[in-house]
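Colleague: Okay, here's the structure, questions in a sec.
The values are calculated or read from the model by the stated rules, or taken from the named source; none is laboratory data. Please read these numbers as outputs of a predicted model, since none were measured by experiment. Every residue, glycine as well, gets a Cβ built from its backbone with ideal geometry; the counts of neighbours run over all protein chains shown. These accessible areas exclude ligands, DNA and RNA; they are computed on the full protein's heavy atoms, side chains included. Shrake-Rupley method; radii C 1.70, N 1.55, O 1.52, S 1.80 Å.
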Number of protein chains: 6
Amino acid sequence: MSENKTLVEAEMLRPDRRKSDELREITVIEGFTKHADGSILMCFGDTKVLCTASVEDRVPPFLRGKEEGWITAEYAMLPSSTETRKPRDRNGRVDGRSVEIQRLIGRSLRSVVDLKKLGERTITLDCDVLQADGGTRTASITGAYIALVHAVKKLMEEGKIEENPITGNVAAVSVGVRDGEPILDLNYIEDSGAEVDMNFVMNEKEEFIEIQGTGEERPFTKAEFSRLMELAEKGIKQLIRIQNEHMK
Amino acid sequence: MSENKTLVEAEMLRPDRRKSDELREITVIEGFTKHADGSILMCFGDTKVLCTASVEDRVPPFLRGKEEGWITAEYAMLPSSTETRKPRDRNGRVDGRSVEIQRLIGRSLRSVVDLKKLGERTITLDCDVLQADGGTRTASITGAYIALVHAVKKLMEEGKIEENPITGNVAAVSVGVRDGEPILDLNYIEDSGAEVDMNFVMNEKEEFIEIQGTGEERPFTKAEFSRLMELAEKGIKQLIRIQNEHMK
Amino acid sequence: MSENKTLVEAEMLRPDRRKSDELREITVIEGFTKHADGSILMCFGDTKVLCTASVEDRVPPFLRGKEEGWITAEYAMLPSSTETRKPRDRNGRVDGRSVEIQRLIGRSLRSVVDLKKLGERTITLDCDVLQADGGTRTASITGAYIALVHAVKKLMEEGKIEENPITGNVAAVSVGVRDGEPILDLNYIEDSGAEVDMNFVMNEKEEFIEIQGTGEERPFTKAEFSRLMELAEKGIKQLIRIQNEHMK
Amino acid sequence: MSENKTLVEAEMLRPDRRKSDELREITVIEGFTKHADGSILMCFGDTKVLCTASVEDRVPPFLRGKEEGWITAEYAMLPSSTETRKPRDRNGRVDGRSVEIQRLIGRSLRSVVDLKKLGERTITLDCDVLQADGGTRTASITGAYIALVHAVKKLMEEGKIEENPITGNVAAVSVGVRDGEPILDLNYIEDSGAEVDMNFVMNEKEEFIEIQGTGEERPFTKAEFSRLMELAEKGIKQLIRIQNEHMK
Amino acid sequence: MSENKTLVEAEMLRPDRRKSDELREITVIEGFTKHADGSILMCFGDTKVLCTASVEDRVPPFLRGKEEGWITAEYAMLPSSTETRKPRDRNGRVDGRSVEIQRLIGRSLRSVVDLKKLGERTITLDCDVLQADGGTRTASITGAYIALVHAVKKLMEEGKIEENPITGNVAAVSVGVRDGEPILDLNYIEDSGAEVDMNFVMNEKEEFIEIQGTGEERPFTKAEFSRLMELAEKGIKQLIRIQNEHMK
Amino acid sequence: MSENKTLVEAEMLRPDRRKSDELREITVIEGFTKHADGSILMCFGDTKVLCTASVEDRVPPFLRGKEEGWITAEYAMLPSSTETRKPRDRNGRVDGRSVEIQRLIGRSLRSVVDLKKLGERTITLDCDVLQADGGTRTASITGAYIALVHAVKKLMEEGKIEENPITGNVAAVSVGVRDGEPILDLNYIEDSGAEVDMNFVMNEKEEFIEIQGTGEERPFTKAEFSRLMELAEKGIKQLIRIQNEHMK
C-alpha cells in the first residue's frame, strides 16, 4: 500500500467498499440445469457463470487407444452478458480472448485429474457467462471444478470408474493494482482501470498451477508481485473452502 | 379424440399427466440479468430460455436514412441445454434449425411493432436456451415479447421515444398429434414421438401472425387441423394473460 | 372477396389478368439435363427451377447400418436469376432463407417416400432457380417430386429396388392476400405487396404435409385462412394432375 | 498424325466421329433468362453454360474515383451438371479449379474492353454450367463475350455510355493430344484421356490473349505445340463467326 | 526487337542492366532449415523462396489402396514479403492467385515423378516466399524440384524406396514483352509494366510441361510468341544446369 | 538445484551441455528481407524467427480520430518449421496457440510505446517462425522489439514523427523445471519434458511486463518460482544487451 494513504482511505477506494483483500460474495447454485452430468451456477458477486460438465464415451484422435481420458473446456459469453451487447462468435469469426480463456480452463482442470483413472472418456466443461462483471475466467475455473467433481461422482456411483481420478482442488482468483493499491478479486470497473492485472490458479496446498500477469498500464516490480501473490493465496484459500462445502 | 379411449384414458397419455389442453407450468422471472434493457427468464415447464432485449442506436444498412427502426432476433442453445451435449456453432458451421427459428422470432416480434415510432434504433432479441425440454421457439417468442416491452418502456421513460411503438401482444405455442390425440404445448418426449407438429403465433385478438405445421410422421386432415387450432387459441389466451401480468 | 368489389373488378386486380383462383401457366420439361437420374425444368409462369434427383449408394452417418435410405434437398438461386444480381453463397456466408427452403423441400419429399424400401441410398434433390418470379419454393417441391419419381423408376428398371418406395404425390402452391383479396399462386410483384403469404404442401388425398403462413403486413383472421386453404386445395389438385401426366 | 494411321482411321478415333479439326455443334440461345442485362445459353455439343452479364453502378474499392469500370466473372457448376453429383461450394470450402477458371474468364473479357469508356460501373459475367461435357471454360468465355456485348448494347441504347467500349472479339477453344493425335474441342471422354491439354483464347486478328497448356500425361514437343496452335486458330475463327451472327 | 533500337539501347532498357536474354543471379542455399526432408532457399535475384519437401506415410483418400504416392504443393507469401504488407490468408478468405500457383507447382512436379515407384506416401512441397521481386512461381517450381530430389534421396538412403521415382528435371522461367522487347526472367518492376507475360515449365529434353501466357496489356502475335519461347528455352537450360550442380 | 547433484552433474543434464543459467547462442541478422520497415532474423539457437515491422498510415476503427497509433502482432509457423509438418491455418481453422501468442507479442510491445507520439499509424509486427526449436514466442518478442525500433527510426529519419515513442526495451525468455532442475531458455526437447514452464517479459529496469507460468506436469512451489524468476532476470539482461548492440 502506498505510504500516503491510511488504512481507512485505502479501504474506501473500492467502488463496492470492499477491503483490499476481500472477495466479493461467492455463491454456488448446484444443479442449476438438469441435463449435464454436473451443473453449477458460480457467482463472484455480479459475475454469473454457468459451469457444466458433460461426459462422453470417446476421446480426441490423439488419445485413441491409449486408455486414458481427456478434460477439455469451452468458454463463451452470452451476447447479453456484457454492458454493451457482444456479437456472437458465428461465421468463423474468432474471438482470441475466448480461445485463450478456454485453453486456460482446460489446462487448469487437467492439472488435478489423473487421466488414466478417468478411462477412455472426455469430460467437457462448458463455461457460459450469463452475466459479466469482471473475473469471468476465475469464476469459470472455480465453478468448473465443482461441476467436474459432481460429474465424476456420478460416474463412480454408476460404477463406470472405480478409483477417483481427482487428485486435489483447483481454484482461481484475480488480483491487480489499481491507483497504486494491490487488491483482490477485481470487478469490472476495477479491472478496467487496473494498472496491473494477474490471475492465479492454485491448489489446496498453496502450489501454483498457473500464473498470468500483465502490466496493462505500466510494468510492475518484484515487490508489487509479492503483495499480489499474498492476496491471491488468501482468496484461493477461501474459494477452496467454499468448493469443499459444495462437494460433500 | 379417437373413439376407443375414454376421457380419463386420454388424459393419462401425457407423460407428465397433463390434460390434452393444458399448458405446462409457465414461469416468468423478470430482471434475470442486469445489463440488457429487458431480461426475462421464460420457463415453459423445464424449458428455460433467457430472453433479452438490447437497444442500439443504429439500424442495418437497408434502413439507413429511412427514419425507422428494426427488430431482430438471435436464437441459440447452450451446449449443455440438451440431453446429449450439443456442439457450438463455431468455425462457420451452420445450424439450419437455429437460423430458421431466429428468423421466425424476428418476424413475429416485428408484427407488433410500429417501426416508424421506434426511431432509428435496433432492438436485438437474444433467446438463449439454458435448458431445453420442447417448445423452445414458442417460449422464446412469448418471453422475447415481455423483454421487448420492458426495453421499450425504458426508452420511453428516458424520453428517447414518445409514442409507444408496441401495437399489441404476440405469443406462441406448440400443438401436435401424438398417438392420434391432439395435444397442447408438447414437451421433448411428446415432441419426439409426435405425428404432427404445429406452432401458432397469435395476437390478443385471436388473429394469426404465423402458422407452421408439419406432418412429421404422416399427413394430417382438415379436421385434425381445426382441433389443433382450437387448442392453440386456448393456450395463447392464457400466455397473453401471463404476459400482461408481467408488464404493468 | 371484399363486398365492395364486383367479380370483374376483382379479376382485374392481378397484374397478369389472372383470376384470383387461377394458376400461372405450368410447364414441365422432362430430361432438361442428361447426367442426373431425374431432371425436370419446372416452370410456374416465369419462375423456372431446374429440379434434379441424384442417387448415391451411401447414407448420412446417422442412418448407417439401419437399412433405410434418405432423401435430402439443396436449394439455390443462380446469381442472375433475380432482377438485381444476387451474390453467391460463398466463403461460408449463410443465406438463412435458402437453408429454410431446402429443409422444407427435403421434409416434404420425405413425407411420400418409404425410406425402408429405398434401401441404403441417398437421393439428393437439387433445386436450382434459373429464373425467379415468385413461388420458387412451391415450384421446387412440385418439380422435385417428378424428378424423384423418374429417379426411382430408373432404380426399379435397373433392378436395384424391388418395391416402389413412393407412397403418393406431393405438390405445393402459394396463396396470399393482396389488397384484401385472397389469391392463388403469387408472382413476384404480387408477393412483394402481399399482406398475408402462405405456402401449402399437400398430397393427392387433400391432406396437409406442411402449412406455412405469415402475416407479412398484418395478422390474418380465421375466415381469411379458410379462404386461402380453399384456393390452395384447388391449385394443388391441378398441379397433381399435371405431375401425373409427366410420370406415366 | 502418327504415320501408321490413315486419314480415315484417324477420323474414326473420336467417340462422336468428328474429324480431328472439327468443332462440336455450337448453339447459341439468346435471351435464355430475362433478368440479366445479357443472357446466353452457350452450347458446345452437350456442354451447356448459362452466361449472363449483369451491370451494377459501382466499382471495386481499388478503382473508386478513377473514372473507369470493371469486368469480373464468376464460374460455377451446378451440382447436377456432372456425371457424378458435385457438392456445392458452401461453408467456405474452396474449389481451386473454379477460382482459376473465373480468373481466366475475367482476364480474357477485360482484354477486349476499354474500361475508361465503360464508366464507373461493373459488369459481372456469371458462367453457370448447367451440363458439363468438356470445354466448360472455353464455352464460358465464348458465350460470356456475347452476353457482354448485349449488356453493352443495352447501356448504349439507354444512353448511359456514349462510345462502344468493346474493342474486338474474344473466343476460346480447347485442343489436345489423345492417342498421339492432336484434336480440336475435346469433349469429356476425350479430355479425360488426353495426354496434352491446351486452351487458347484469341481475338479476331488471330492474336493470342491467353495460352494455357499442360502435359497431363507426358511432356509435349514444339512440333505438337505448333499443330495444336493451328487447330485452335481454325476453331476460334469459326467461333468468332458464330458470335458475330448473334450480335448484329 | 523493334527496329528503332540498337542492341546496346535494348540492353539498357532493363532496370538492373541485364541483357534481354539474361537470368538474374540464381542462388541455391541447401539445407536452409533442418526439419523438412528437403529444404532449399531458392533465389532468383531478390526473389527468395523457401522450398521444402516433407514426406508423410499416407496418401489422400482418392489414392488409398492404389499402391501409389502423391506429390502436392502449397504456396504462400509471408505478409512482409511484398512492398506493401500483404494480409494473411486467414478466416477462410481465399487468395485465388495462391490457389492457382500451388496447383501449377503440384502439376509440374508430378510430371517428373513415377508415383507408383514412390509407394503409398505423400510429399508436400511448401513454397513460402520470404521476399518477392517477380517470378515467385518459377523460382518455386525450380527450387521445389531440388528439395524433392533431396527428400527422395533420403528415402532411398533409408531403404524406404528402391527405385528412383524421379524421371527427369523440371524447371520454370518467366518471359515477357516490355516496351515492345521480349525479355527473360522479369523482376517485379518489369513484370508490373509488361504487356505480355508468360511462364514456361520445361524438362531437360526441351519439352513443355506447362505453358501459361497472358496478354496483360494487349494481345500478342505468333512472332512474339516464338521469340518468347526461345528465351524461355535458353533460361531453362541454365536453370537445369544449376539444379544438377546441387543434386550430385 | 537439488542437493543430491554436483554442479557437474547438473550441467550434464541439458542435451546441448549448457549450464542451467545459460542462454543458447543468440544471433540477430539485421535487414534479413528488404521490403518491411524493419526486418530481423532472430535466432535463439536453432529457433529462427523472421520478425518484421510494417508501418501503415491508418489505425483500427476503435482508434479513429483519437490521434494515437497502434501496435499489433501476427505470429505463424511455416508448415516446414516443425519436425512433423504443421498444416497451414487456412479455411478458417483456428490455431488457438497462435492467437494466444500473437496477443502476447502485441501486448508486450505496446507496453514500451507511447502510442500518442506514434501518431495515427499502425505498426504490424509479423513474427514468422522459419525453424522451431522451443522458445518461439520469446524469440519473437525479443526480435520484434529490434524490428520495431528500426521501423521507428525510419519514421523519424523521414520526419514523419518527431519524438521517439519508444520508452524502453522489452525482451522475453522462457524458464522451466526439468527433472527437478530450474533451467533457462529451454529448447524443444527440454520444453517437451518440462514439469513447469514459464515465460517472462521484462524491461531494462528488471520490471515485469508479463508473467506466464504453467505447471504442465505438476504444480510448483513458491521456492521454485523464485529460482525461475532469478534465471529469467539473468537471461533478460543479456538479451537486452544484445538488442542494444543492434540498435545503435
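Colleague: Looking at the stretch F:41-48, is at least one residue within 7 Å of chain E (Cβ to nearest Cβ), within 17 Å of E:V49 (Cα to Cα) and open to solvent by less than 20 Å² (accessible area, probe 1.4 Å)?
Modeller: Looking for residues that are within 7 Å of chain E (Cβ to nearest Cβ), within 17 Å of E:V49 (Cα to Cα) and open to solvent by less than 20 Å² (accessible area, probe 1.4 Å), one finds none in the stretch F:41-48, hence no.
Colleague: Look at D:V175 and say whether it is over 19 Å from D:A132 (Cβ atoms) and either more than 8 Å from chain E (Cβ to nearest Cβ) or among the small types (G, A, S) (or both). Step through it out loud before you land on a result.
Modeller: Numbers: over 19 Å from D:A132 (Cβ atoms): no; either more than 8 Å from chain E (Cβ to nearest Cβ) or among the small types (G, A, S) (or both): yes.
Taking the combined requirement at face value, the residue does not satisfy it.
Colleague: From the residues in the stretch A:222-245 that are small (G, A, S) and open to solvent by less than 10 Å² (accessible area, probe 1.4 Å), which one is farthest from the other protein chains (Cβ to nearest Cβ)?
Modeller: A:G235
Colleague: Among the residues of the stretch B:74-126, count how many are of a type outside the set (A, V, I, L, M) and within 14 Å of chain A (Cβ to nearest Cβ).
Modeller: 25
Colleague: Mind counting the residues in the stretch E:8-61 that are over 15 Å from E:N187 (Cα atoms) and assigned to a loop (DSSP other than H, G, I, E, B)?
Modeller: Qualifying residue count, the stretch E:8-61: 11.
Colleague: Being aliphatic (A, V, I, L, M) and more than 20 Å from the chain's Cα centre (by Cα) is true for just one of A:V59, A:V152, A:V112. Which residue is that?
Modeller: Result of the check over A:V59, A:V152, A:V112: A:V59.
Colleague: Specify the residue that is surrounded by the most Cβ atoms within 10 Å (Cβ to Cβ); the eligible residues are those in the stretch D:140-160 that are farther than 26 Å from D:T27 by Cβ and not charged (D, E, K, R).
Modeller: In this case the residue turns out to be D:L155.
Colleague: Does at least one position in the stretch D:76-91 carry a residue that is under 15 Å from the mean Cα position of the chain (by Cα) and crowded, with 21+ Cβ neighbours inside 10 Å? Quick ask: steps written out before the conclusion?
Modeller: Filtering the stretch D:76-91 down to residues under 15 Å from the mean Cα position of the chain (by Cα) leaves D:76-77.
Adding the requirement that they be crowded, with 21+ Cβ neighbours inside 10 Å leaves D:76-77.
Yes, because at least one residue in the stretch D:76-91 is under 15 Å from the mean Cα position of the chain (by Cα) and crowded, with 21+ Cβ neighbours inside 10 Å.
Colleague: Hey, could you check the stretch F:64-76 for residues that are free of Cβ contacts under 8 Å to residues at least 60 places away in the same chain and not in a strand (DSSP E or B) and say which is farthest from F:T136 (Cα to Cα)? Can you show your working first?
Modeller: If we filter the stretch F:64-76 for residues that are free of Cβ contacts under 8 Å to residues at least 60 places away in the same chain, which is where we start, we get F:64-68, F:70, F:72, F:74, F:76.
Those left that are additionally not in a strand (DSSP E or B): F:64-68.
Details: F:R64: 33, F:G65: 35, F:K66: 34, F:E67: 33, F:E68: 30 Å.
Once the filter is applied, the top-ranked residue is F:G65.
Colleague: Now, a different point. Given the structure, is B:A132 open to solvent by 10 Å² or more (accessible area, probe 1.4 Å) and either within 19 Å of the chain's Cα centre (by Cα) or away from chain C (no Cβ under 12 Å) (or both)?
Modeller: Numbers: open to solvent by 10 Å² or more (accessible area, probe 1.4 Å): yes; either within 19 Å of the chain's Cα centre (by Cα) or away from chain C (no Cβ under 12 Å) (or both): yes.
Yes.
Colleague: Being of a type outside the set (D, E) and more than 7 Å from every other protein chain (Cβ to nearest Cβ) is the filter; apply it to the stretch E:194-204 and report the residue that is most open to solvent (accessible area, probe 1.4 Å). Explain how you work it out, then say what you get.
Modeller: If we filter the stretch E:194-204 for residues that are of a type outside the set (D, E), which is where we start, we get E:194, E:196, E:198-203.
From the residues that got through so far, the ones that are more than 7 Å from every other protein chain (Cβ to nearest Cβ) too are E:194, E:196, E:198-202.
Values: E:A194: 3, E:V196: 0, E:M198: 0, E:N199: 19, E:F200: 0, E:V201: 2, E:M202: 2 Å².
My answer is E:N199.
Colleague: Identify, from the list A:R137, A:R103, the residue that is surrounded by fewer than 23 Cβ atoms within 10 Å (Cβ to Cβ), more than 20 Å from A:M247 (Cα to Cα) and either in contact with a Cys (Cβ under 6 Å, 6 or more places away or on another chain) or not aliphatic (A, V, I, L, M) (or both).
Modeller: A:R103
Residue-by-condition table, conditions (1) in contact with a Ser or Thr (Cβ under 6 Å, 6 or more places away or on another chain); (2) outside any loop (DSSP other than H, G, I, E, B):
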position	(1), (2)
F:D197	yes, yes
F:V201	yes, yes
F:K205	no, no
F:R227	no, yes
F:I236	no, yes
F:I242	no, yes
F:M247	no, no
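Colleague: May I pose another question? Output the residues belonging to the stretch A:52-63 that are more than 9 Å from chain B (Cβ to nearest Cβ) and either crowded, with 24+ Cβ neighbours inside 10 Å or without any contact (Cβ under 8 Å) to a residue 12 or more places away in the chain (or both).
Modeller: Selection gives A:P61, A:F62.
Colleague: Of the numbered conditions (1) more than 14 Å from chain B (Cβ to nearest Cβ); (2) open to solvent by less than 50 Å² (accessible area, probe 1.4 Å), C:P219 fails exactly one; give the number of that condition.
Modeller: Of the numbered conditions (1) more than 14 Å from chain B (Cβ to nearest Cβ); (2) open to solvent by less than 50 Å² (accessible area, probe 1.4 Å), the odd one out for C:P219 is (1).
One line per residue, one yes/no per condition, for (1) assigned to a loop (DSSP other than H, G, I, E, B); (2) open to solvent by 30 Å² or more (accessible area, probe 1.4 Å):
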| position | (1), (2) |
| --- | --- |
| B:E162 | yes, yes |
| B:G168 | yes, no |
| B:S174 | no, no |
| B:V177 | no, no |
| B:P182 | no, no |
| B:D191 | no, yes |
| B:E210 | no, no |
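Colleague: In the stretch B:107-156, what residues are touching a Lys or Arg at 6+ places or on another chain (Cβ under 7 Å) and either closer than 18 Å to B:V173 by Cα or β-branched (V, I, T) (or both)?
Modeller: Selection gives B:T122, B:T124, B:Q131.
Colleague: Right, here's the next one. Residues D:K66, D:K34: which one is open to solvent by 70 Å² or more (accessible area, probe 1.4 Å), within 14 Å of another protein chain (Cβ to nearest Cβ), at pLDDT 90 or above and over 30 Å from C:R58 (Cα atoms)?
Modeller: From the options D:K66, D:K34, the qualifying one is D:K34.
Colleague: Whether any residue in the stretch E:109-129 is closer than 30 Å to F:K34 by Cα and open to solvent by 10 Å² or more (accessible area, probe 1.4 Å) is what I want to check. Before you say what the answer is, go through the steps one by one.
Modeller: At the first step, the residues of the stretch E:109-129 found to be closer than 30 Å to F:K34 by Cα are E:109, E:124-129.
With open to solvent by 10 Å² or more (accessible area, probe 1.4 Å) added as a condition, the list becomes none.
No, the stretch E:109-129 has no match at all.
Colleague: Is the stretch B:15-25 home to any residue that is within 14 Å of chain A (Cβ to nearest Cβ) and at pLDDT 95 or above?
Modeller: No, the conditions are met nowhere in the stretch B:15-25.
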